[in-house]
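Colleague: Encoded as structure tokens, here's the structure I'll be asking about.
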Amino acid sequence: MEINKTQEGSKLNISLVGRLDTVTSPQLQEVLDSSLDGVTELAFDFAKLDYISSAGLRVLLATNKKMVKAGKMIIRNVNDVVQEVFDMTGFADILNIE
């Protein structure tokens, strides 16, 4: 998986390319752990994310809990495969998906 990160002040944008699964989710968690201080708006771009597993969902859930306290988290450009996972797991009701 490829993680592309850009920050403008307190806004952090992260785009993911590939698969967010058991192997790659620790990599995303490390990036988030080192990047969220002072961030009030976190936006994920999933336009090139092909797949998400339960490990990836756990990272998103934990990050969402942090961001609810600090500001907001948005997920954009979700494809049908990932949206179906969000719908089946109930994450579509928890996460802010645009």
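Colleague: Report the relative contact order of the chain, percent, no decimals, based on alpha-carbon pairs under 8 angstrom and at least 6 residues apart.
Modeller: Dividing the mean separation by the residue count of the chain yields 27 percent.
Colleague: Treating each Cα of the chain as an identical point scatterer and ignoring solvent, apply the Debye formula and state log10 I(q)/I(0) at q = 0.10, 0.21, 0.23 Å⁻¹.
Modeller: -0.22, -1.08, -1.34
We did not get these values from a lab; they are worked out from the coordinates using the rules stated. Since the model is a prediction, treat every value here as computed from it, not as a measurement.
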